[in-house]
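The values are calculated or read from the model by the stated rules, or taken from the named source; none is laboratory data. Keep in mind the model is a prediction, meaning the values are calculated, not measured. Quick reminder, even Gly has a Cβ in these numbers, built from the backbone with ideal geometry, and neighbours come from all protein chains shown. Ligands, DNA and RNA are excluded from the accessible area calculation, which covers all protein heavy atoms including side chains. Shrake-Rupley method; radii C 1.70, N 1.55, O 1.52, S 1.80 Å.
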Amino acid sequence: MRCTNAEQQINVYVIAIGWLYVVVMIAAVSDSLLKGVVRFVFLGALPVGLLLWVKLVRYRAREAERAQAANAVDVTQTSD
């Protein structure tokens, strides 16, 4: 069973939120505030930010290709 693009986007966000929750819990039980902040940044914020950035770049590229294809179809229909 294949997921649609919207379902995949939702799945990515759910996984990211779950991961951030786990990392916040790990950071909360750290020995010191500095260790907690470092753990949150390096285990949570940077990986999730990178994941979401990559997904956003792919989404924008896909939308640009769709717009270009739609433009090409419009141009061929108007030239007939």
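Below are the figures for this structure:
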| item | result |
| --- | --- |
| Probe 1.4 Å, protein heavy atoms only - accessible area per residue of the chain in square angstrom | 82 |
| With all protein chains modelled, accessible area of Asp74 [1.4 Å, Å²] | 80 |
| Spacing of the two label points (7 Å from each Cα toward its C-beta) at Gln77 and Phe42, in nm | 5.5 |
| Met25-Lys55 FRET efficiency (beta carbon distance; Förster radius 22 Å; 0.05 resolution) | 0.35 |
| Fraction of accessible area attributable to carbon and sulfur, the chain (%, probe 1.4 Å) | 68 |
| Average Cα contact separation per residue, the chain, under 8 Å, 6 or more apart, as relative contact order % | 20 |
| Globularity index of the chain, i.e. its alpha-carbon radius of gyration over 2.2 N^0.38 Å | 1.73 |
